[in-house]
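**Student:** Before anything else, here's the structure in question.
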Amino acid sequence: MPFPLDTEPATVLRGAGLRVTGPRVAALAELREAGHVDVDSLARRLRARLGRVSTQAVYDVLRVLTDAGLVRRIEPAGAPARYELDGGDNHHHLVCRGCGTLVDVPCATGIRPCLETETTDHGFVVDEAEVIYWGLCPNCQASALTPNSAPTQQD
């Protein structure tokens, strides 16, 4: 069940058949505001909002929300998993190899065609495709072009 971005988190939780709790409501609100966040960043945001929240509680909340289809887990290779609201749209992600910035990009071929594979004789029913594009963001490109300004030691 995708998360309707214009609906209150408590209403969405009830609609998904989930119990409404402070950490769940706060997590959905923070994900709406923050976009792609890792567990540590979300935990800091929840602590600022709610006070004391354990990291394990954040993992538990994210597991429940992901299992319910309200939150999407993104796992770029070599980086911590990040979480975002699942708005039900067909988008992919662009990740900077330099700084790890992650941004949404629309599907290059339209609405859900990536769910139709070339080979259908394996018996799978495909319900999701995950595409991650890798590159360098503008800031990292500029840094790569700037000569190292660190002084060198001369004997």
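The values are calculated or read from the model by the stated rules, or taken from the named source; none is laboratory data. Predicted model, so just to flag it, every value in this text is computed and none were measured. Quick reminder, even Gly has a Cβ in these numbers, built from the backbone with ideal geometry, and neighbours come from all protein chains shown.
**Student:** Restricting to region 37-64, count the residues that are buried (at least 21 other Cβ atoms within 10 Å of the Cβ) and not hydrophobic (A, V, I, L, M, F, W, C).
**Tutor:** Matching residues across region 37-64 total 0.
**Student:** Which number in (1) surrounded by fewer than 18 Cβ atoms within 10 Å (Cβ to Cβ); (2) modelled with pLDDT under 95; (3) under 14 Å from residue 65 (Cβ atoms) marks the one condition that residue 18 misses?
**Tutor:** (2)
**Student:** Could you check, for region 1-20, whether at least one of its residues is in a helix (DSSP H, G or I) and under 15 Å from the mean Cα position of the chain (by Cα)? Spell out how you get there, then give the answer.
**Tutor:** As a first pass, look at region 1-20 and keep what is in a helix (DSSP H, G or I): 9-15.
Narrowing further to those that are under 15 Å from the mean Cα position of the chain (by Cα): none.
No, the conditions are met nowhere in region 1-20.
**Student:** Out of region 51-106, which residues are touching a residue at least 24 places away in the same chain (Cβ under 8 Å) and hydroxyl-bearing (Ser, Thr, Tyr)?
**Tutor:** Across region 51-106, the qualifying residues are 83, 101.
**Student:** Moving to a separate point now. Restricted to region 83-95, and to residues that are in a loop (DSSP other than H, G, I, E, B) and touching a Phe, Trp or Tyr at 6+ places or on another chain (Cβ under 7 Å), which residue is modelled with the lowest pLDDT?
**Tutor:** Here is the first cut: in region 83-95, the ones in a loop (DSSP other than H, G, I, E, B) are 86-90.
Those still in the list that are touching a Phe, Trp or Tyr at 6+ places or on another chain (Cβ under 7 Å) too: 86-87.
Numbers: 86: 82, 87: 75.
Restricting to residues being in a loop (DSSP other than H, G, I, E, B) and touching a Phe, Trp or Tyr at 6+ places or on another chain (Cβ under 7 Å), the top hit is 87.
**Student:** Could you list, in sequence order, the residues of region 129-155 that are surrounded by 11 or more Cβ atoms within 10 Å (Cβ to Cβ) and either at pLDDT below 80 or more than 27 Å from residue 73 (Cβ to Cβ) (or both)?
**Tutor:** The first filter runs over region 129-155 and keeps only residues surrounded by 11 or more Cβ atoms within 10 Å (Cβ to Cβ), leaving 129-137, 139-141, 143.
If the condition is that a residue be surrounded by 11 or more Cβ atoms within 10 Å (Cβ to Cβ) and either at pLDDT below 80 or more than 27 Å from residue 73 (Cβ to Cβ) (or both), then 129, 130, 141, 143 are the ones that fit.
**Student:** Name the residue, out of 32, 45, 24, that is closer than 23 Å to residue 75 by Cβ, out of contact with any Leu (no Cβ under 7 Å at 6 or more places or on another chain) and not polar (S, T, N, Q). Step through it out loud before you land on a result.
**Tutor:** Values: 32 fails: out of contact with any Leu (no Cβ under 7 Å at 6 or more places or on another chain); 24 fails: out of contact with any Leu (no Cβ under 7 Å at 6 or more places or on another chain).
The unique qualifying residue is 45.
**Student:** Got a number for residues in region 43-59 being of a type in the set (Val, Ile, Thr) and under 18 Å from residue 84 (Cα atoms)?
**Tutor:** Start the filter on region 43-59 by keeping residues that are of a type in the set (Val, Ile, Thr), which leaves 53, 55, 58.
Right, trim to under 18 Å from residue 84 (Cα atoms) and you get 55, 58.
So the answer is 2.
**Student:** Quick check: anything in region 30-40 out of contact with any Asp or Glu (no Cβ under 6 Å at 6 or more places or on another chain) and over 25 Å from residue 93 (Cα atoms)?
**Tutor:** No, region 30-40 contains no residue that is out of contact with any Asp or Glu (no Cβ under 6 Å at 6 or more places or on another chain) and over 25 Å from residue 93 (Cα atoms).
**Student:** Being modelled with pLDDT of 75 or more and within 27 Å of residue 78 (Cα to Cα) is the filter here; which residues of region 96-128 pass it?
**Tutor:** Residues satisfying the conditions are 96, 97, 98, 99, 100, 101, 102, 103, 104, 105, 106, 107.
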